[in-house]
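Rule-based calculations on the coordinates, nothing more; no lab input. Computed from a predicted structure; not experimentally measured. Note that we place each Cβ from the backbone using ideal geometry, even for glycine, and neighbour counts take in every protein chain shown.
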């Protein structure tokens, strides 16, 4: 996180605490990455719902709290829309401009923000609580409202990791069993007492193979979800993934 984004994040969190935001006071921030992502999505969805109900103060509190947990610059667009609806034109312009100059800003949202700034600079002040703007917060500019949650990808990678671990463990065990059989057998002829060892080797080898297959599919699915969760403008720039699976390893390669 850059110093500027950290400063904005801290200031917004302090502002939320100063106003006694229910979300900030009553809901502890999860420490688990997947839980934090779900928490930010929940806050953003609550903000969108409040905005649509014209409860702009509550909506702004939710967006600010979400930004304090995960300073995604696209949340600044939604904050600006709330300040605009509340009649705080200067703060709305400031949020729009920070959003416009942020490297991770949604491209379509940046165009809308630039248009909004032009209108606000040339329009008279709006009374607090006045009529809302023509457009609701850009759902495409917020991760949760566009379905850009990292949870499915995290789950897929977790399943892939477990599959690879299982495949590796049973693969090593199968190698040991094969070594023992090679010592006990001669010219592919094994004594009767080795029958159980042969059956165990087949079972262990099968489980190892299944583990690597599940691992490869999980990792490939996680990589695909990461690509699909990115904005369409970024996906069209040529992002691609290529899964690979090997003995004791699996993953994805490509450009994003």
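Here the simple spin-label model places points 7 Å from the Cα toward Cβ, and for residue 34 and residue 107 these points are separated by 3.2 nm. Set the Förster distance to 30 Å, then compute FRET efficiency between residue 151 and residue 203 from the Cβ-Cβ distance, nearest 0.05. Once the sixth-power term is evaluated, E becomes 0.30. Measuring r between the beta carbons of residue 53 and residue 97 and using R0 = 35 Å, the FRET efficiency lands at 0.80. Taking the Cβ-Cβ separation of residue 213 and residue 182 as r and a Förster radius of 25 Å, what is the calculated FRET efficiency to the nearest 0.05? Result of the calculation: an efficiency of 0.45. If the chain linking residue 115 and residue 169 were pulled fully straight, counting 0.36 nm for each residue of separation and taking away their Cα-Cα distance, it would gain 13.6 nm.
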